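K.L.:
Provided herewith is a single structure, encoded as structure tokens, for subsequent inquiry.
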Amino acid sequence: MNRRAFVMPVVILLALIVSLAITVMLNRNTVRRYDVDTGLQSYIDGHRERGIREIIAIWLQFSARQDLEALIGPNDVIFTLDYSGNRRLTVSLINDQTTALIDPAGLDPTQPVVDVIDLETQRAIASRTRQALGGSADLFGRTSGPLAVDAVHAPAEVLEAISLALLQDPELASTYASRLEDLRDTTTDLDRSALLNLADDVGIETEVQTRLIALLTTTPTLWRLRAELTGPRDSTIARYEGLVDIPREDSSSPLLTGSEHTNSWFIQWNRVDDGVGYTPVLGSAGRQGGRS
């Protein structure tokens, strides 16, 4: 009996050891399988993303010289592409120059700059624009792209903020922005000459007028791209968002000549997980970023 009493705990202990060993082995196999699955999914996602970006790049190269606004359809969609397996790629284009640059670091030398304003002053204007927007900076501001804003479609808050950032005179900036709103609502031909005449009418000094007009454009070049890949029953597979400068007059741009890799065309590009995190859009395709 004593020998049996001794053997039983040993058997139980051995059973526990074997059980633990099997558990560890199963866990290791599970971890390995997870690592393989994760690596495979990462590989698939990476190639899918590069493929989508290449498709968009081809569209950009063939469409950049055209009237972009005329190519934008309902809900800002510029084209759709159907894949096998009931998959569809939907790409949208949104005028992003209705927002103001609020980060001095966004004035990268490779990005469009304002020639009549030195770089130090441009950075100061970007900082002062953020201050002028206050709590609305995240909604009406951006961190990359040119300093100029779209005079035709930018919200009143953006027009006043960027005017104040340069003029540093609240009353004069408010008057100019208000008059500009009225002017763009009553004319279909808002151009540099009209902007200069307005600046002269409200009493802005001649030497300042050129710099103010340099902060406004009627031909936006900064656009936000959105790409959504859906599957059966419109289930979302992936969403991406990018920022690109599309030249409207510079025929030597790499985007038009194809002289550089397409990755260099995008100022920003990122995946938006689970459809959360898209940059807010002010307005609709008809008047993107402007007043309704």
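Laboratory data are not the source of any read-out in this text; all were calculated from the coordinates shown. Everything quoted here is computed from the prediction, not taken from an experiment. When we count neighbours, we look across all protein chains shown, and the Cβ atoms used for this are built from the backbone with ideal geometry, even at glycine.
K.L.:
Restricting things to Cα coordinates, could you compute the convex hull volume per residue of region 62-178 in Å³?
P.N.:
Here the figure is 156 Å³ per residue.
K.L.:
Once R0 is set to 22 Å, what does the formula 1/(1 + (r/R0)^6) return for the Cβ-Cβ distance between Ser235 and Glu54, expressed as a FRET efficiency to the nearest 0.05?
P.N.:
So the FRET efficiency works out to roughly 0.40.
K.L.:
Near the amide H of Ala238, under 5 Å away, which other amide H atoms are found, from residues 5 or more places off or on another chain, if H is placed in the peptide plane?
P.N.:
Placed amide hydrogens put Leu229 under 5 Å from Ala238.
K.L.:
With N set to the residue count of region 138-239, report its C-alpha Rg divided by 2.2 N^0.38 Å to two decimal places.
P.N.:
Normalised Rg, Cα atoms only: 1.37.
K.L.:
Here is a follow-up. Roughly speaking, what is the stretch gain from Leu183 to Glu207, that is 0.36 nm per residue apart minus the C-alpha to C-alpha distance, in nm to one decimal? Spell out each step's value before the answer.
P.N.:
Working: separation 24, 0.36 × 24 = 8.64 nm, distance 2.23 nm.
My answer for the length gained is 6.4 nm.
K.L.:
About the Cα centre, and with charges only on the beta carbon of Lys, Arg (+1) and Asp, Glu (-1), how big is the dipole of region 100-217? Nearest 20 debye, please. Mind showing how you got there, number by number?
P.N.:
Numbers: 8 positive and 20 negative charges, 64 e Å.
The dipole magnitude comes to about 300 debye.
K.L.:
Relative contact order for region 100-217: what is it in percent, counting Cα pairs under 8 Å that are at least 6 residues apart?
P.N.:
Working: 157 pairs, mean separation 33.4, N = 118.
Averaging sequence separation for qualifying contacts and normalising by length gives 28 percent for region 100-217.
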